[in-house]
Structures are given as C-alpha cells and as structure tokens.
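Structure, as structure tokens:
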Amino acid sequence: METRVTGLVAPGFELVESAFRENFASRGEIGAGVSIFFQGELVVDLVGGTASTERAEPFTHDTLVNVYSVGKAIIGFLALQQIDRGTFDLDDPIVSLWPEYGLFGKDATTIRMALCHQAGVPAIDQLLVNDDLSDWSTMVDAVAKTKPWHVPGTSHAYHTNTYGHLIGELVRRMTGKGVDRALQEVMQGIDAEIYVGLSEDLEQRCADIVFTSPLDPATLRLGERDEQSSMPLRSYFNPPGYSSMGLVNTSFWRRAIIPSTNMHATARGVATFYNALLRPDYLLSESLLAEATSVQSEGYCPILGEQATFGLGFTPTTARRPLGPNPNSFGHFGTGGALGFCDPVAQLSFGYVMNQVTPRWQSTRNAALRDATYQALESFKSHKFPQLKNLD
C-alpha cells in the first residue's frame, strides 16, 4: 500500500515530492518530513509515514524527531551569537569563562578551537554511567577534568558527543541561562520548532527512532586511556548511552540535555532556522557568519576515520559531505541522515528529519531529496511561488 504523504508543494518542486514518495517505496523510509524555503518562501513542506512502528501513529507536521548532530550547528550558533555581541571573542581562552576547564594544559584552549573540534576532548577520561547524562554539572565537570588527547589547536578530532557539553557550558556561562532556555528564546523568536530537554507535553509528540546498531555498549570494553581504540570508543560510549543506543526512545533520553546528540526538531523547524540565517545581519552578522561557515580545520579525523572539514559549529560543503552544487553552502548532517543546510547562492534552506536511522550520516534518502531540489531549481530559480499545492 502506498504511504500517505501530506503537506505543501510549490509548482515546479514536484520532483522533491516524487523523491520523497520514492524514499518510502524503495529506500526504507518509515516516517519523515522535508521542508524547503526558496527566496524566503516555503516551497516544500511534506510529511509521511508513521511516527511509531508499534502504534502506527502517523508522522505529522507536529512530530518531533531526534536529529542527532544536526544539533551541533545549532549549539555552535548559540555561542556565535554571544561572540557577535562583542562581549567575548573567538580567540578568548575558555578559562576566561570557565576557570575549572584549565587542567592538564587546557588553559590555552580558545573558544574557536572548541567550536571547530580542535579542543582535544572528544572523549571523557572518567568512566561514567548513563544516569550521569541527566546531570549537567556531572557531565561538564567530567569534560573539564579530562586530559586532552592531543595538544589543543594542533589537530582536530570530532567531538561526537562532548561537543554539546563543551559548547553548551560556554553558552551557559556566556548567557547565564541553561542551554534549553537559551535555545528556546531564539527559536521562539523565529517560530522554529527545535528543542533540547523536552517537557512532558513535547515528549508526547516524539517519533520513535528505529536504530539497529551492530554494537552493544553494554558488551564493550572501553580499555585504558592509552590504548589505541580507547579514544573513539569512549567518544561514542562513555557513558554507555552517550550516542543514544539503548536510551533513544525513553523519557530519560528525551528530557536530558545533550545538545550535540539529542536535539529534537521538525523538518520545518530546521529549514526555518537556516532560512533565518540567510537574512543579512539578522541572527548573525554577515562577517561572523562568513567566518563561521568557512574552513577552520581540515585533515584526518581519528574519530570519523576519514578526512574531515570543520567550520565553527557549521560544516562547509565538501565533496565528501556535499550540500548541493554551489560554494559557500553550509549546515550539518546527523546520524542516520537527518540534514539541515542553507545555500546563500541559491537562497535556499533545507530541513530533513526521519526516524529510520542508518549508521553514520550517509543516506540515499537525503541525497535523493537534495538532488531533486537542485534539479527543480534549474528551471525555477528565479520564480516566485505564491500558490502551493496542498496534498491534504
């Protein structure tokens, strides 16, 4: 039976609708949403499938999904906003805000290094348990007490999960507010549904993630710190559920504040955030946004096991992680294929969320939607879309 798809599509963007439907028909999609703004207009806003495989609940425009590392760009953005206000500088040392962080030679680590994954703390030394994930102070204290795995600023290692606690604590100290509150103040201002640390009401709107991993954190031996495999394993599995495995669909996980890993959003919320970034000097100054979305660090990453390129929170488009054909595009992928990005050349923003998670970020589904988007733009990049097709 054909999956029911509802929402809005502007004339000329039917290729995106076709690709979205094909994701369900042949690419294993369970529940998903895709939203696209073009030249400031919402031209695609589609949802389909089920939010829960057990209860067969429909995936609607109100469905929230765990978007994994899509959240890294957003927590990085919150820090950048404070930099933009001039109270802090990218090259200020972290200890100027967070004195306890300066152990083991980390006193020279700058905010810039933290934002582009050069801080050297992608994994925590102290062995933690899952209950620690609900205690912000425990988590950030453990990051502060970790000896850097390399000299900060000399190379990078993707801060898979610690990024949210590292940057999130900087945001807390910059703003005097918890990350959940700081995030909501911004997102409410632009009418974007992106959250961390869900309330009971929001939790009721969550899709259940379908995530089958070949690894069981409970059976892993993390090893001594100096063992070659220790850093990658600890980055993903210390605490054991740091990457969501075994916890993802629980109330405990959804209510915790783990900004690099457990932000929840709608596709429209992600696209709305990136659309707002395209407005000059609105969320960020043009000069700081240009710096944040340019290459800050590149080279081999021992956590990802491949060459990687990082901006400040955002990742620039690369051949390995393409965000369309145009230069200067930027955004962030998430585990399983969730994706948010914008393209300043095309004046386009894109959000895609789903509950069928495949390993890492590679996805034929997000690629099909991205490619269909740019195929549509070839014919319609100078056209306005006052009338949307309603599929409901």
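The values are calculated or read from the model by the stated rules, or taken from the named source; none is laboratory data. Keep in mind the model is a prediction, meaning the values are calculated, not measured. Cβ sites come from the backbone with ideal geometry, for glycine too, and all protein chains shown count toward neighbours.
Overview of results
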{"quantity": "Which numbered condition S260 fails, given (1) in a helix (DSSP H, G or I); (2) under 20 Å from A157 (Cα atoms)", "calculated": "(1)"}
{"quantity": "The listed residue being surrounded by fewer than 16 Cβ atoms within 10 Å (Cβ to Cβ) and within 19 Å of V179 (Cα to Cα), out of R4, R85", "calculated": "R85"}
{"quantity": "Checking L46 against (1) over 21 Å from A276 (Cβ atoms); (2) at pLDDT 95 or above; (3) out of contact with any Leu (no Cβ under 7 Å at 6 or more places or on another chain); (4) not small (G, A, S), the condition it does not meet", "calculated": "(1)"}
{"quantity": "Pair list, Cβ under 8 Å, 6 or more apart: region 293-308 residue closer than 18 Å to L323 by Cβ, other residue among the charged types (D, E, K, R)", "calculated": "Q296/R112; E306/R320; Q307/E298; Q307/R320; A308/E298; A308/R320"}
{"quantity": "Condition check for P58: within 21 Å of A338 (Cβ to Cβ) and either out of contact with any helix residue (DSSP H, G or I) (no Cβ under 8 Å at 6 or more places or on another chain) or of a type in the set (V, I, T) (or both)", "calculated": "yes"}
{"quantity": "Condition check for S285: at pLDDT 95 or above, within 21 Å of F77 (Cβ to Cβ) and surrounded by 16 or more Cβ atoms within 10 Å (Cβ to Cβ)", "calculated": "yes"}
{"quantity": "Residue that is under 21 Å from the mean Cα position of the chain (by Cα) and free of Cβ contacts under 8 Å to residues at least 60 places away in the same chain, where the choices are G105, G120", "calculated": "G120"}
{"quantity": "Unique match (being in contact with a Pro (Cβ under 8 Å, 6 or more places away or on another chain) and touching a residue at least 60 places away in the same chain (Cβ under 8 Å)) among A51, A10", "calculated": "A51"}
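Results for (1) among the small types (G, A, S); (2) surrounded by 23 or more Cβ atoms within 10 Å (Cβ to Cβ), shown as yes or no for each residue.
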position: E100; (1), (2): no, no
position: A108; (1), (2): yes, no
position: L115; (1), (2): no, yes
position: V121; (1), (2): no, yes
position: Q126; (1), (2): no, no
position: W136; (1), (2): no, no
position: V140; (1), (2): no, no
position: K145; (1), (2): no, no
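Here's the yes/no breakdown for (1) outside the structural domain of R365 (by TED's automatic domain parsing); (2) in contact with a Gly (Cβ under 6 Å, 6 or more places away or on another chain):
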residue: F13; (1), (2): no, no
residue: S18; (1), (2): no, no
residue: R27; (1), (2): no, no
residue: I30; (1), (2): no, yes
residue: S35; (1), (2): no, yes
residue: G40; (1), (2): no, no
residue: Q82; (1), (2): yes, no
